[in-house]
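Take a look at the structure set out below.
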Amino acid sequence: MSKRIATQGRLIDRSRALTFTFNGRDMRGHPGDTLASALLANDQMLVGRSFKYHRPRGIVASGAEEPNALVNLGTGPSFEPNQRATTTELFDRLKARSQNHWPSLEFDIGAINARLSRLLPAGFYYKTFLRPRAFWKHVYEPIIRQSAGLGQAPKDRDCDTYEYFYATTDIVVVGGGIAGLLTARSAAQSGAQVLVLEQTAHLGGRTPVDGGTVDGQPASAFIDALLEELRAMANVTMRSRCMGAGIYDHGFVLGYERLTDHDPDAAGPRHRLWRIRAKQVITATGAIERPLAFAGNDLPGVMLASAMRDYLINYGVMVGQRVIVATNNDDAYRTAIALKEAGADVLRILDARDSGGGPLMQKARELGIRIDCGRAIGKVRGGKRVKKVKICAQNSSGGALEEVSCDAVAMSGGWSPVVHLWSHCGGKLLWDDGAAHFRPDPARPPTGADGNGFVSTAGAAHGDFALGDIVAQAHEAGRKAAQAIGMKPKKHDAPIAAETREARLLPVWLMPAGANIGLRSKAWLDYQNDVKVSDVELAAREGYESVEHTKRYTTLGMATDQGKLSNINGLATLANSLGTPIPSVGTTTFRPPYTPISMGAIAGEARDAIFQPLRCTPIHHWHEAHDAAWEPVGHWRRPYTYPRADEAHADAVAREIKNVRQAVGLLDASTLGKLIVKGPDAGKFLDMLYTNMMSTLQPGRCRYGLMCNENGFLIDDGVVARLDEQSFLCHTTSGGADQIHAHMEEWLQTEWWDWQVYVANATEQFAQIAVVGPKARKLLEKLGGMDLSAETLPLMAWAEGEIAGIRARVFRISFSGELSFEIAVPASQGLALWTALIEAGREFGVMPYGTEALHVMRAEKGFIMIGDETDGTVIPQDLGLDWAISKKKEDYLGKRAQQRTHMASPDRWKLVGLETTDGTVLPEGAYAVGEGLNANGQRVTQGRVTSTYYSPTLERGIAMGLVLHGPERMGEVLEFPGTDGQVYHAKIVDPVFYDKEGTKQNV
Amino acid sequence: MSEPVSALNHAGFDGLAKVTECGLHGMITLRGDLAARAVKAAATGASGVKMPGPNEVQSKGDNALCWMSPDELLVICDYKDVRQVLDKMHKSLGAAHALAVDMSDARTMFCVTGSSARDVMAKLTPADLSPATFGPGQIRRSRLAQIPAAFWLEDDQSFRIICFRSVAQYAFDLLCTAAGAGSDVGYFSAAPIRPT
Amino acid sequence: MLILTCPYCGIEADETELASGGEAHLTRHGPGTSEDDFSNYLFTRQNPLGVHFERWRHAHGCGKWFHAARDTGTLEVFATYPAQTAEPPKTVCDAIRKRRPGWTWQGTA
């Protein structure tokens, strides 16, 4: 059984106990435990069920590479699935549940799949669910959805907060083990600013577990002193619980800091996403031990040898009392020795090498451990935990030589450098035949903006495994990185570590080497996705040669662990099956993040009120206080209408319209774009930007203008006021101000850079209020300050003065067809003017009106709206706006495009008014159908609705639309099938429905 | 005449740093050839402040000149003096090709002060805020989360930030969130490294 | 995530502070040009693996448009330079040739 022992446990605080539950069962652990170490201390060997066969699974690793021990953590708003028990720090009252089983972990009906495994081979889904086609949607997919996936998706809103942090530094070191720390020191000694990211809670890495001597001190004492030294250096920052998640172009490094996962009651954000820019990055990400592929290697109790050592030394947990160690290298002997010294019974070390190992083997033998060389595990037996091991010769097909009872198996298939971060941004790998692993090729690093390498590696991630090599290389790596950014390192001696010589590893991709098919079908490569040696062999037989294809076909290396344990074994198996060398098969692509990061961290602070910027006009709070219903316009919020108690929106809109047409209304038009264009060439510039002539506009006057892009399409419209000889004020649509400002700057900077024009975006300098309706002038005269008579200020003129004591510009422009004044005042006084108008207007029946009333009234007048009548494919000529297109100008943006044949075609759909024959409202976006079918077999269309409203003024539905030869077909009735199944009939009419002569606005 | 009101009317928040909306300031956008004598004279004459170099802020009392781009300065003065300053600038510019326009109401100014001010700001802007790169007297135009902003350091612990008026509430909420309790980063403020 | 140095204000800008504007050094064609020339101007773009010229705007910054010469494959940036030029200046071409010997602007030496 697995239990906590009285000795060891360098990371736990035995003086305090924590309680937690696993599947509702109460358990105890200590501060410093991971959930995995605490589960093992409570003899919880079974922690989950596998993905496909629902096999019982136990903890196999001790870190981020863990494929099995995925749990649901927390409840309600803090629930999170697929959390690795090995990287979850224990805290008091932690609640964890295992996943992927029903009804319970102990008894899981899905385990029937294991019996059916011969029917569920590689590519099962692809082979089985192809036919009949209709079954996919209605039968297969619902069933697969039900049974697929590991954890459950959270149902509640996440109660935590998240944030970003941007850092710019010289050197980022990923990994806080001995290599990372030494790298950081030598880089910092060279003068560089260094940021060290360590994914676990502890700096120092696994050297204290593995032991050794550096500069005459025990390794752990050396690391303690090194940490002290680094903490005292002003140019070194070390962050623990902060994973280097990804390395991207131009030195961008993503760090994932887990702030409160270990202390959920603490204030502040849960995760912080570090967005780092570094000149050089050093990955000191260590290495991951490989499992051995033997039958039954997935039973709970079979564990990586290094993990078993970690649990013992770091947490004082002895995973087995009677242990068998299987290995192809010397490192696993360290586990055997540690277990033996802590009091465990190490029954055998099965060393696949005929000649065994080096000095470590000698030491194990001296401790009295039986070592069998050239031996292998034939099969592990047991149900929900290891019971027996059948031992055979490595060079055999699996014929058992003996069977030994035991309660745990430690396995080691050698070590693979963690090359993920090196590879994220294009670093290339070398196959090291001696060590049987891929390691970074220093000659082909990821390259940065200057074309030179910006990532280097240190320690085990570099491919060095002997402590002496690691410390020497890491020290040098830090100096080199500093040199690469122009530092001049001073001479500092590299530390020196005492060496333990290790014998060569024997690559073992299958145990025993000639294992029969029965054993190969039970030898797991990928625990998380239930991929066995036999599955990869089948894929190879079926013609899968590319490792990327094999990955998708067999699911090898997919899902949350992305094959951290299975990759090398899997591709070696594929290479062997294909009869090609491993390097020619290559690896799958390593993509960030290194381990999954929370969606919350990616979103950062952007949630709730600050999900996105909301732009508020200076009068926003008044609208809010008067119950405005909002309409989003870009990031602006504009009042759609101001419904009174119990009033439906449509009724409120109708009331507002009638009031404008009969009395006076106020519109907050502050969102309109206001661009100031000034300079000797301003007129010439605007002549190029607008389709009509702006240079001839007189100061004091306004002119409506259209703007097109070089494709000829209409992009914006608005009224231009000439302020003085050299200055124009260009109004743009509310959503268009920023784009049109950028559009102007683009042309000025990149095409006509010799023209003397400056542009400034004054949109937000002004609050703009439209005072509209037959009583508008009376209201403004009551406030006083300016002569606004028709003689002094005729239609399409503007004037400057004071209204209600506030400095103002008044524009006589109308978008409703009524007498209308648009008053611009400094934003800080916008609310003051608005409230003054509301107060003074009471006797005239003033009411605020919203964007919907604005839209209906403009449609009644046949005015187009950018975004309704235009959609990026409409040219002004389509909209009957030829009057606003200068014939005299040689050029303007869009002119040449509008001469292209299909732009000039008489068959383009043109703007008309539409009136339903029965007065109802046409559906939005409805198409007018014609006779016959088009080339795609669809019904021919001959027009579409662009704007459609109920007009309270005319008490009927009105609409505008683009119709084939529309203007020539006045009076014709078109059919518009609606999505409601009805067919609407509408007559083609003039688009101006109201006050065709324009007398009302011109009073 | 009504009293002009800034977007958030001096709202404040005390957290890791002190966040304050610092009311209305006179702000004039001056676009022109910054090497031209008339333009330089207009800027320095009206403000009484020395001409800033690229990415610099020069200030004297409440007045400041901010370098915004190779052909743009922001002239900061007392809100009530704007018209006077603008008139003076126009006189000084004469016939020179330039644009001087009052933008006082288009913007909101915030102060973020305290030993964690850099840490708070670094949660929101990708700009390099390392003391070696960005110190008092320098201005940076960048973004705060999703909005454009310009900011400079008055002293090593005091940021001045300007953004558009319409997003004042968003900017304030951002800054308050970034300065929220328990979220100290301790990267720039050199707080002791969290125990491991 | 690129970093490009704005040639106007000297800021090493993060890609999130920039707006991209497609291929650089296009010649505007207006009224009076042939259908082919005009349609090439509107629609035909280079899409090389290797040396490429692009327009960028320091949008969250000084607001200026500039050009970048970079390698679309390795993302190496050879130079950034002001947009007020119809073709890459000699210094930029030299900088590219130093890193990509034999490269020529539009195939001319």
Can you pull out the strands (runs of 3 or more DSSP E) entirely within the range A:645-710 that have at least 2 residues that are in the same structural domain as A:PRO632 (by TED's automatic domain parsing) and closer than 17 Å to A:LYS888 by Cα? none
In this structure, does B:ALA171 turn out to be outside any strand (DSSP E or B) and either more than 11 Å from chain A (Cβ to nearest Cβ) or within 20 Å of B:ALA11 (Cβ to Cβ) (or both)? yes
Could you tell me which numbered condition B:GLU21 fails, if it satisfies all but one of (1) touching a Leu at 6+ places or on another chain (Cβ under 6 Å); (2) at pLDDT 95 or above; (3) more than 14 Å from chain A (Cβ to nearest Cβ); (4) buried (at least 21 other Cβ atoms within 10 Å of the Cβ)? (3)
In the range A:772-875, which helices (runs of 4 or more DSSP H) lie fully inside it and hold 1 or more residues that are closer than 24 Å to A:PHE993 by Cβ? A:776-783, A:851-860
Residues located in the range A:511-546, provided they are surrounded by 23 or more Cβ atoms within 10 Å (Cβ to Cβ) and among the aliphatic types (A, V, I, L, M): A:MET511, A:ALA515, A:LEU519, A:ALA523, A:LEU525, A:VAL531, A:VAL533, A:VAL536, A:ALA539
Taking the range A:757-785 as the search range and keeping residues that are touching a helix residue (DSSP H, G or I) at 6+ places or on another chain (Cβ under 8 Å) and open to solvent by 30 Å² or more (accessible area, probe 1.4 Å), which one is nearest to the other protein chains (Cβ to nearest Cβ)? A:PHE766
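To keep it simple, each residue is scored yes or no on (1) assigned by TED's automatic domain parsing to the domain that holds A:LEU254; (2) assigned to a loop (DSSP other than H, G, I, E, B).
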position: A:ASP469; (1), (2): yes, no
position: A:ALA472; (1), (2): yes, no
position: A:ALA477; (1), (2): yes, no
position: A:LYS480; (1), (2): yes, no
position: A:LYS491; (1), (2): no, yes
position: A:GLY518; (1), (2): no, no
Hey, C:GLN84 hits all of (1) touching a Ser or Thr at 6+ places or on another chain (Cβ under 8 Å); (2) facing another protein chain (nearest Cβ under 10 Å); (3) surrounded by 20 or more Cβ atoms within 10 Å (Cβ to Cβ) but one; which does it fall short on? (3)
If we keep only residues of the range A:361-393 that are open to solvent by 10 Å² or more (accessible area, probe 1.4 Å), within 47 Å of the chain's Cα centre (by Cα) and touching a residue at least 40 places away in the same chain (Cβ under 8 Å), then the residue nearest to A:SER2 (Cα to Cα) is A:ARG385
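In the set A:GLY961, A:GLY925, which member is closer than 25 Å to A:MET865 by Cβ and either surrounded by 15 or more Cβ atoms within 10 Å (Cβ to Cβ) or acidic (Asp, Glu) (or both)?
On the way: A:GLY925 fails: either surrounded by 15 or more Cβ atoms within 10 Å (Cβ to Cβ) or acidic (Asp, Glu) (or both).
Result of the check over A:GLY961, A:GLY925: A:GLY961.
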Looking at A:SER670, A:SER734, can you tell me which residue is closer than 24 Å to A:ALA808 by Cα and open to solvent by 10 Å² or more (accessible area, probe 1.4 Å)? A:SER734
Log entry, pairs with first residue in the range B:110-137 being touching a residue at least 12 places away in the same chain (Cβ under 8 Å) and under 18 Å from B:GLY180 (Cβ atoms), second being polar (S, T, N, Q) and open to solvent by less than 10 Å² (accessible area, probe 1.4 Å), beta carbons closer than 8 Å, six or more apart or on different chains, reads B:LYS123/B:SER183; B:THR125/B:SER142
Determine whether the range A:24-33 contains at least one residue that is closer than 23 Å to A:ASP530 by Cβ and open to solvent by less than 20 Å² (accessible area, probe 1.4 Å). no
Residues located in the range A:595-627, provided they are under 18 Å from A:GLN768 (Cα atoms) and either away from chain B (no Cβ under 14 Å) or of a type in the set (A, V, I, L, M) (or both): A:ILE619
When you go through (1) open to solvent by 20 Å² or more (accessible area, probe 1.4 Å); (2) in contact with a Pro (Cβ under 8 Å, 6 or more places away or on another chain); (3) part of a loop (DSSP other than H, G, I, E, B) one by one for C:LEU49, which number turns out not to apply? (2)
Which numbered condition C:GLY102 fails, given (1) on the phi < 0 side of the Ramachandran plot; (2) of a type outside the set (A, V, I, L, M, F, W, C); (3) more than 14 Å from chain B (Cβ to nearest Cβ); (4) open to solvent by 30 Å² or more (accessible area, probe 1.4 Å): (1)
I'd like to verify a number: residues in the range A:1-23 that are open to solvent by 40 Å² or more (accessible area, probe 1.4 Å) and more than 36 Å from the chain's Cα centre (by Cα), how many? 12
Those residues of the range A:225-250 which are farther than 26 Å from C:LEU2 by Cα, charged (D, E, K, R) and touching a residue at least 12 places away in the same chain (Cβ under 8 Å), in sequence order: A:GLU229, A:ARG241
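For the range A:720-766, how many residues are of a type in the set (Gly, Ala, Ser) and assigned to a loop (DSSP other than H, G, I, E, B)?
1
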Identify, from the list A:SER905, A:SER951, the residue that is small (Gly, Ala, Ser) and within 30 Å of A:ARG777 (Cα to Cα). A:SER951
Single residue of B:GLY32, B:GLY26 found to be over 23 Å from B:ARG165 (Cα atoms), buried (at least 19 other Cβ atoms within 10 Å of the Cβ) and in contact with a Leu (Cβ under 9 Å, 6 or more places away or on another chain): B:GLY32
Restricting attention to the range B:31-45, does a residue exist that is within 13 Å of another protein chain (Cβ to nearest Cβ), in contact (Cβ under 8 Å) with a residue 24 or more places away in the chain and assigned to a strand (DSSP E or B)? yes
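Can you tell me how many residues in the range A:199-252 are in a helix (DSSP H, G or I), within 14 Å of chain C (Cβ to nearest Cβ) and open to solvent by 20 Å² or more (accessible area, probe 1.4 Å)?
Filtering the range A:199-252 down to residues in a helix (DSSP H, G or I) leaves A:207-210, A:219-231, A:249-251.
Then drop every residue that is not within 14 Å of chain C (Cβ to nearest Cβ), which leaves A:249-251.
So of that shortlist, the ones also open to solvent by 20 Å² or more (accessible area, probe 1.4 Å) come out as A:249.
Selection size over the range A:199-252: 1.
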What pairs come up if the first residue lies in the range C:12-34 and is closer than 20 Å to A:GLU751 by Cα, the second is hydrophobic (A, V, I, L, M, F, W, C), and their beta carbons are under 6 Å apart, counting only those six or more places apart or on different chains? C:LEU18/C:TRP56; C:ALA19/C:ALA59; C:SER20/C:TRP56; C:ALA24/C:PHE53; C:HIS25/C:PHE53; C:HIS29/C:PHE38
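Considering only residues that are more than 11 Å from every other protein chain (Cβ to nearest Cβ) and open to solvent by 40 Å² or more (accessible area, probe 1.4 Å), which ones fall in the range C:23-46?
C:ASP36, C:ASN40, C:THR44, C:ARG45, C:GLN46, listed by residue number.
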Among what's in the range A:690-717 and is more than 14 Å from every other protein chain (Cβ to nearest Cβ) and within 38 Å of the chain's Cα centre (by Cα), pick the residue that is most open to solvent (accessible area, probe 1.4 Å). A:ILE715
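Answer with yes or no whether A:PRO906 is open to solvent by less than 50 Å² (accessible area, probe 1.4 Å) and either part of a loop (DSSP other than H, G, I, E, B) or away from every other protein chain (no Cβ under 14 Å) (or both).
Details: open to solvent by less than 50 Å² (accessible area, probe 1.4 Å): no; either part of a loop (DSSP other than H, G, I, E, B) or away from every other protein chain (no Cβ under 14 Å) (or both): yes.
It is false that A:PRO906 is open to solvent by less than 50 Å² (accessible area, probe 1.4 Å) and either part of a loop (DSSP other than H, G, I, E, B) or away from every other protein chain (no Cβ under 14 Å) (or both).
The values are calculated or read from the model by the stated rules, or taken from the named source; none is laboratory data. All of these numbers come straight from a predicted model, not from anything done at the bench. All Cβ positions, even for glycine, are placed from backbone atoms using ideal geometry, and neighbour counts span all protein chains on display. The area values use the complete protein model at the heavy-atom level, side chains included, leaving out ligands, DNA and RNA. Shrake-Rupley method; radii C 1.70, N 1.55, O 1.52, S 1.80 Å.
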